[in-house]
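Working notes, structure below.
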Amino acid sequence: MQNQPSNIDLHVHTTASDGELDPARLVALAADSGVSTLAITDHDSMAGLAEAGRVSAERGLSLIAGVEVSSRWSNMDIHIVGLGVNTGDERFQGRLQSQMDRRWERARIMAQRLARLGYPGMLERAAEGAPQGIPARPHFAEALVQAGACKDRKQAFQRYLAQSKPAYVKTEWPEISEAVRWIREARGVAVLAHPGRYKLTRTKLERLICMFAESGGQALEVCVATHGPEMVRQLADLAVKYNLYASQGSDYHGPSMRWVQLGKMPPLPSTCRSVLELLPLEK
Ligand code: AMP
Ligand code: MN
Ligand code: MN
Ligand code: MN
């Protein structure tokens, strides 16, 4: 088993985006799982942080204000995690609101496409699964499963929702450099999320990381639950080469994905400098 328990988890989701647990339950589970430093990183939203902060204080966890900003590069959706962002920054909140507007527009178009494919009413069904947020692709995937269109969510992505499939809607997310700038202007640390998940060749992965570093990006998510040992090694080397700090997170979305658990990920290689060095931690 290469994933190991850690008391640091800097990438998790709640019902403020596509996670299954509300912020209070997520924080309680993190505490029960031995996590003592937690960053909540919902997609384009910081709506879960206030509730998470209350429970973190009760349970003695250090909570880092996080967010996972959707961006675009080379015709792909790339995610940039912001850690330690100033939640009171109104300009940043406005920028997240513009992401939310794009998400609503995209959800409407996705539902229209699914209706044309023979599955009407998917926006309403998907919205039922996202009472605190905007229906994202996992909510549409679940709606398709409930409607009997697919056997599981994975199949829903493979058939309809993944990039280049018939219900995938290309979205005008900001460029990576812009997402990095938004995060840094809100006093956050910009982290390239799960670089191993984009299925890039070695050359293209390095090009992405080089461009991210040149744009002011500060850290790579080296240790993610779904990164294998070879990917961790490769990313650790690239972090050193491009003078980037290393982050670690499970990208936990909830109990239904049994293979991802809170606080479980590959350990940080000794050559890496932890992104926590850049973050002032508060209790
Ligand atoms: P969205 O933010 O609406 O673009 O949805 C992206 C989210 O969908 C990711 O954060 C994952 O939680 C999930 N996701 C992406 N690709 C897949 C896939 N192939 N199978 C299952 N879930 C996926
Ligand atoms: Mn997600
Ligand atoms: Mn992501
Ligand atoms: Mn994530």
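The values are calculated or read from the model by the stated rules, or taken from the named source; none is laboratory data. All of these numbers come straight from a predicted model, not from anything done at the bench. Cβ placement follows ideal geometry from the backbone for every residue including glycine, while neighbour counts extend to all protein chains displayed. These area figures cover heavy atoms from the full protein model, side chains too; ligands, DNA and RNA do not enter into them. Shrake-Rupley method; radii C 1.70, N 1.55, O 1.52, S 1.80 Å.
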remark   = Here the residues within the range 63-81 that are of a type in the set (D, E, K, R) and buried (at least 23 other Cβ atoms within 10 Å of the Cβ) are 68
remark   = Log entry, pairs with first residue in the range 61-78 being among the acidic types (Asp, Glu), second being within 14 Å of ligand 4 (Cβ to nearest atom) and in a strand (DSSP E or B), beta carbons closer than 7 Å, six or more apart or on different chains, reads 68/43; 68/79; 68/81; 77/70
In the range 128-150, residue farthest from the chain's Cα centre (by Cα) [restricted to those that are open to solvent by 40 Å² or more (accessible area, probe 1.4 Å) and closer than 22 Å to residue 21 by Cβ] = 146
message = So, in the range 4-24, exactly how many residues are in contact with a helix residue (DSSP H, G or I) (Cβ under 6 Å, 6 or more places away or on another chain) and buried (at least 21 other Cβ atoms within 10 Å of the Cβ)?
response = 3
note = Screening 142, 185, 128, 172 for residues that are of a type in the set (Asp, Glu), touching a helix residue (DSSP H, G or I) at 6+ places or on another chain (Cβ under 9 Å) and within 16 Å of ligand 2 (Cβ to nearest atom) leaves only 142
task = Among the candidates 153, 113, single out the residue that is more than 13 Å from ligand 1 (Cβ to nearest atom) and not polar (S, T, N, Q).
result = 113
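Which residue, of 94, 53, 84, is at positive phi and open to solvent by 10 Å² or more (accessible area, probe 1.4 Å)? Break it down stepwise before answering.
Values: 94 fails: at positive phi; 53 fails: at positive phi.
That would be 84, the only listed residue that is at positive phi and open to solvent by 10 Å² or more (accessible area, probe 1.4 Å).
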Complete set of residues in the range 6-37 that are more than 16 Å from ligand 3 (Cβ to nearest atom) and within 12 Å of residue 49 (Cα to Cα) = 15, 22, 23, 24, 26, 27
ask   = Which one of the conditions (1) away from ligand 4 (no atom under 16 Å from the Cβ); (2) out of contact with any Cys (no Cβ under 7 Å at 6 or more places or on another chain) does residue 144 fail to meet, given that it meets all the rest?
value = (2)
message = So, restricting to helices (runs of 4 or more DSSP H) that lie completely within the range 169-283, which ones have at least 3 residues that are under 15 Å from residue 69 (Cβ atoms) and open to solvent by 50 Å² or more (accessible area, probe 1.4 Å)?
response = 176-185
request  = Considering each residue of the range 151-167, count those that are buried (at least 17 other Cβ atoms within 10 Å of the Cβ) and free of Cβ contacts under 8 Å to residues at least 40 places away in the same chain, and give that number.
outcome  = 3
